[in-house]
Protein chains: 2
Amino acid sequence: MGRTKEFDPDAALRAAMDLFWRQGYEATSMQDLCEHLGLGRGSVYGAFGGKRELFLMAVRRYVEDSRESLLARLSTSGSALDAVRGLVRDYAETALQEAGRKGCLLTNTAVELPADEEAQRHVESGLETMEVLLTATLMRAKAEGELSEDRDPVVLARFLVTLLQGIRVVGKTPVRQRFLDDTVDQALALLA
Amino acid sequence: MGRTKEFDPDAALRAAMDLFWRQGYEATSMQDLCEHLGLGRGSVYGAFGGKRELFLMAVRRYVEDSRESLLARLSTSGSALDAVRGLVRDYAETALQEAGRKGCLLTNTAVELPADEEAQRHVESGLETMEVLLTATLMRAKAEGELSEDRDPVVLARFLVTLLQGIRVVGKTPVRQRFLDDTVDQALALLA
DNA sequence: CTTTTATTGGACCGATCGTTAAAGAATGTG
DNA sequence: CACATTCTTTAACGATCGGTCCAATAAAAG
């Protein structure tokens, strides 16, 4: 019953995610969002509730997307340790390109909205996902003898998550070109 | 000639720095600032120009303050490597306390205003300062035989700056308690 | 068909944004 | 003293903020 939606809520959410990702929460207005989604205000409020609700849904969607892409990247048939190495390198490489300015939506949210408990729960969920997937991959590396017996995959995974956050920050600054290659070199030294 | 200022511009700038640090740029209004500084709007605009100008001055001040405090911390008479280790530990420890929510003004600015070239120049200046001071200290450690000959102080310094940015990000999230100790452990393993 | 329900686009709301203007108060100069 | 200059205070500006309301529209239900 009732009139059918003329837009794809899923695509709209992804577009909103992109805009929040690029501009941040405070710097993105409902007018920005409506124009970028190609929707009237009524449609946006009707489908998503309001700015904050839309933002939270966008972050949640980001966490889910990230989990999928990370899972795919780490589930290689080859060397587990190489997969982790590749991930670190890709983070730095992405940061060096134009996408570096966007950074990571989790990083951005952690920094911009530290007092928003709901937003931080989503950030927590995203970082934990990274921790879990990295830990599993490092355990696989250890089982295959790529990582020495005395290394703790959990400790290493948490370290890597923190470092990746740093890479996303530095990737937004003018020092990125100078810093990130060296950062990756040192990090890879820890993955041997 | 003319009426004398009734407030200390230096103290006011520091108060503004605190507020921007805690709340971010967009989330801090001129009204917030006026109340927090105990000044009328006219005084603030007369002394600092406007919101953006005040913010940029605050960031510059932060860079200067950081340089002084970092220099003092690394200029120990004892072990150079211990000084660096203590710095990393202190970063994590600070992040675990209430101050962790504020994070680092450079980190916050890098993330929130990546498109503001002037702000990013100040961030660049701050990160370069960290790089230089850390490099010098690591060179001292190398000269004193605390660091093996094949280690590059510059590479290591840049890695540490990136990692410290990551610590400031993670320190703003609910995972801080679980992640930061392990992060520090791994980082210290690289300083041996 | 009519009725009901839901979506749409845009006018509109009060609140707040950063900024400016102007009048009064305090200081230095002649 | 008068005068020029600077700072303080406050009212007010236009613009924009997030959010609401509503008439028009479209589709499902009877």
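Kindly report, to the nearest 10 Å², the accessible surface of A:ASP8 as traced by a 1.4 Å probe over protein heavy atoms only.
In the full protein context, A:ASP8 sits at about 90 Å².
Can you list the distances in nanometres, one decimal and ascending, from the B:GLU35 label point to the identical position in each other copy, with the point 7 Å along Cα to Cβ?
Going from nearest to farthest copy, the values are 3.1 nm.
For segment B:59-189, what is the relative contact order in percent, using Cα pairs closer than 8 Å and at least 6 residues apart in sequence? Before the final figure, lay out each step's value.
On the way: 120 pairs, mean separation 45.4, N = 131.
Averaging sequence separation for qualifying contacts and normalising by length gives 35 percent for segment B:59-189.
If you take every residue apart from A:TYR25 with its C-beta less than 9 Å away from the C-beta of A:TYR25, what net charge results, scoring Lys and Arg +1 and Asp and Glu -1?
Value of the local net charge: -2.
Just checking the output field for B:175-184: average partner chain Cβ neighbours within 10 Å of each residue's Cβ?
Average per residue, whole number: 6.
Can you give the Kirkwood hydrodynamic radius of segment A:61-137 from its Cα pairs, in Å with one decimal?
Details: mean 1/r = 0.0745 Å⁻¹.
Computed over segment A:61-137, the radius equals 13.4 Å.
Give the nm distances, rounded to one decimal, from B:ARG67 to the matching residue in every other copy, measuring between label points 7 Å along Cα toward the beta carbon; shortest first.
Inter-copy label distances (nm, one decimal, shortest first): 4.6.
Using only DSSP helix segments of four residues or longer, with each worth -39500 (n - 2.57), what per-residue ellipticity at 222 nm results for the protein assembly as shown after dividing by its residue count and rounding to 500?
Computed mean residue ellipticity for the protein assembly as shown: -24000 deg cm²/dmol.
Given contacts defined as C-alpha pairs under 8 Å and at least six residues apart, what's the relative contact order of segment A:113-192, whole-number percent?
So the answer I get is 24 percent.
What list of whole percents do you get for P(r) of segment B:59-189, with Cα-Cα distances grouped in 5 Å bins up to the one holding the largest distance?
Bins of 5 Å from zero give 2, 11, 19, 22, 21, 14, 8, 2, 0 percent of pairs.
Taking every residue in A:108-121, how many Cβ atoms of other protein chains lie within 10 Å of its Cβ, on average?
That average works out to 5.
Could I get the Rg over Rh figure for the protein assembly as shown? Both from C-alpha atoms, Rh via Kirkwood, rounded to two places.
Result for the protein assembly as shown is an Rg/Rh of 1.01.
Could you tell me the largest-minus-smallest coordinate of the C-alpha atoms of segment A:1-104 on each of the three principal axes, in descending order and whole angstroms?
53, 33, 18
Need one value for A:153-160: mean number of C-beta atoms belonging to other chains within 10 Å of its residues' C-beta atoms.
So the per-residue partner count for this stretch is 5.
Which loop-located chymotrypsin sites (Phe, Trp or Tyr not before Pro) does segment A:7-112 contain, where loop means any DSSP state but H, G, I, E or B and the Cβ has at most 15 other Cβ atoms within 10 Å?
Hits after loop and neighbour filter: A:PHE7.
Evaluate 2.2 N^0.38 Å with N set to the residue count of segment B:136-192, then give the Cα radius of gyration divided by it.
In units of the globular-protein estimate, segment B:136-192 measures up at 1.29.
The values are calculated or read from the model by the stated rules, or taken from the named source; none is laboratory data. These numbers come from a predicted model, not from an experiment. Neighbour counts run over all protein chains shown; Cβ positions are idealised from the backbone, glycine included. Side chains are part of the model used for accessible areas, which takes the heavy atoms of the whole protein and leaves out ligands, DNA and RNA. Shrake-Rupley method; radii C 1.70, N 1.55, O 1.52, S 1.80 Å.
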